[in-house]
Amino acid sequence: MVRLKDIAARAGVSVMTVSKVMHDASDISAATKNRVRKLAEQMGYVPDSVAQGLRNRTTKLFGLMISSVTNPIFARMVLPIEERAHQMGYEVILAQSMNLPEREELVIRRLLSRRVDGLFLSPVYRLAPTAPIYDELLRRGTPTVLVGHRAPFCSQFVSIETDDLLASYSLTKHLVKLGHKRIAFLTGPPFAPYAQERLEGYCRALREAQIEWDYRLIFQATSTIYEGAKAALQ
């Protein structure tokens, strides 16, 4: 591993000078900076991000927890988050909860142990009004953004979510305009607010079109691709 003192010895300058070059200090000439940086690159020098993090109290790491990488919605979500983080000089640690509360807590704790500078979390929905791990995040003051739907146990956090009622309403209305009347609806967990909003949007569009909704066309699909495909075959 190439160290600062190795570069200093090769360049004929002090270790302090090399350190200042790496931090782009204003009291080092442009010529010296160019020479030292070029030499460092030739020698294969890679900055120690851990040491830098200890000095600056930042790791340049974000934690991103989603339910599963097999979910195409999350796959499309990861790309822009990672791209923007890259532009800002950050790396993203990706983890999956698999929609299991126990795994979710373990994932979050592991991300915290990596001293991430912030978290993007897709919460595992449950009926409980509180969740200890989210209460802990609030106490820690860890910058956290929810990507997906909020629930009572995490309502205090900033969230980025879709307007499910409007989306479902618009989709159903579009199908009605195309002349369809027997429109099936695949819904998520009945206790989940987002599933209830989607169902309401569907029913509202049918009511406005004076189409009586048929409960036999509503199928439980939970929140996985497998269950969705299974419901579609019905």
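Cβ-Cβ under 6 Å, sequence separation 6+ or interchain: first residue in segment 191-214 and farther than 28 Å from Ala151 by Cα and in contact (Cβ under 8 Å) with a residue 12 or more places away in the chain, partner of a type in the set (Val, Ile, Thr) and part of a helix (DSSP H, G or I). Which pairs?
Final answer for the pair search is Ala209/Val176.
If you go through segment 149-159 one residue at a time, do you hit one that is out of contact with any strand residue (DSSP E or B) (no Cβ under 7 Å at 6 or more places or on another chain), part of a loop (DSSP other than H, G, I, E, B), in the same structural domain as Gln96 (by TED's automatic domain parsing) and free of Cβ contacts under 8 Å to residues at least 40 places away in the same chain?
yes
Look through Thr58, Thr32, Thr70, Thr17 and report the one residue that is among the polar types (S, T, N, Q), touching a residue at least 24 places away in the same chain (Cβ under 8 Å) and farther than 24 Å from Tyr125 by Cβ.
Within the list Thr58, Thr32, Thr70, Thr17, the selection yields Thr58.
Inspect segment 198-210 for any residue being more than 18 Å from the chain's Cα centre (by Cα), on the phi > 0 side of the Ramachandran plot and either part of a helix (DSSP H, G or I) or not assigned by TED's automatic domain parsing to the domain that holds Leu61 (or both) and give the result as yes or no.
Yes, some residue in segment 198-210 is more than 18 Å from the chain's Cα centre (by Cα), on the phi > 0 side of the Ramachandran plot and either part of a helix (DSSP H, G or I) or not assigned by TED's automatic domain parsing to the domain that holds Leu61 (or both).
Going through Val2, Val13 one at a time, which residue ends up being surrounded by 15 or more Cβ atoms within 10 Å (Cβ to Cβ) and either farther than 30 Å from Ala131 by Cβ or not assigned by TED's automatic domain parsing to the domain that holds Asp117 (or both)?
The unique qualifying residue is Val13.
With in the same structural domain as Leu146 (by TED's automatic domain parsing) and either more than 9 Å from Phe62 (Cβ to Cβ) or surrounded by 21 or more Cβ atoms within 10 Å (Cβ to Cβ) (or both) as the only criterion, which of Glu104, Glu91 stands out?
Just one listed residue meets the conditions, Glu104.
The values are calculated or read from the model by the stated rules, or taken from the named source; none is laboratory data. Worth saying up front: this structure is predicted, and the values here are computed from it rather than measured. Heads up, the Cβs are rebuilt from the backbone with ideal geometry, glycines too, and the neighbour counts pull from every protein chain shown.
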